[in-house]
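To start, the structure under review is shown below, and the notes come after it.
Nothing in this text is a laboratory measurement; each read-out follows from the coordinates by a stated rule. Owing to the predicted nature of the structure, the values given are computational and were not obtained by experimental measurement. Neighbour counts run over all protein chains shown; Cβ positions are idealised from the backbone, glycine included.
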């Protein structure tokens, strides 16, 4: 790889009413522990150890919560990551972090609950993103892989002509033009659990094609590119774990059980 990425990790909270916080007693979702350590720390360590990543910005959690996490504060104090306070939404947090970086810097955006993130995923996503010649890339994993490896998890699935895919909470911003994707991010974020609503951004013809199962992923990317005046491309990851995050109590319960069993 001839160009290293700066990683932005979104570690703020959508709502303090999150049932996960009630269940675990954690002050922030990113600080929920699995196998004895906060999810955020797992992600930071994966990024630090990756040959694809040259720097890390973490947006959140709130400073008063961060001060209660000595391992994470030590990670930041050592210069291994730069912390910024979270904004009101993930999209505004991402926008604020992007403003700190040179326009030509390639950026990887991910989340603090990407608990299986590893170097293989990162190298694959970053290498493929650079090869696409796009402004923005979106990571997807084949649902068949995810379902086989994690049958207990309920995943949001996007169905295209060539197959079914799950989102991976991996986004690449490759060009200065790509930084203008804040509006796209906001709209996709608002409908992230409903692929059909996202397709509605592309017009009713695309909705009909999607409903009939004739809309290809490539065409969807081209329509999104035209809609937002940017070149978007999908990066398919051959790793079921790339699509695993902790979005619900059921996710947490299932993943916690798996990780504890593996640790025995």
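Details
- Each of residue 33 and residue 212 was given a label point 7 Å from its Cα along the Cα-to-Cβ line. The distance between the two points is 5.5 nm.
- Of all DSSP bridge pairs formed entirely within the stretch 5-263, close to 40 percent run antiparallel.
- Annotation: peptides 75-82, 90-97, ranked by per-residue average of other Cβ atoms within 10 Å with the highest first, follow the order 90-97, 75-82.
- Label-to-label distance, residue 200 versus residue 127, with points set 7 angstrom from Cα along the beta-carbon direction: 4.0 nm.
- Report summary: the helix-based calculation at 222 nm, which adds -39500 (n - 2.57) for every DSSP H run with n ≥ 4 and divides by the residues of the chain, gives -11500 deg cm²/dmol.
- Reported to the nearest whole Å, the Cα centre-to-centre distance from the stretch 199-264 to the stretch 107-140 is 13.
- Segment residue 161..residue 51, full-extension length gain: 36.1 nm, with 0.36 nm per residue of separation and the alpha-carbon distance subtracted.
- Inter-label distance for residue 253 and residue 80, nm, one decimal - labels placed 7 Å from Cα along Cα-to-Cβ: 3.4 nm
- Fewest-first ranking of 249, 43, using other Cβ atoms within 10 Å as the exposure measure: 249, 43
- Among 121, 221, sorting on how many other beta-carbon atoms sit within 10 Å of each Cβ, with the fewest leading, yields 221, 121.
- Legend: ranking of residues 209, 37 from fewest to most surrounding C-beta atoms inside 10 Å; resulting order 37, 209.
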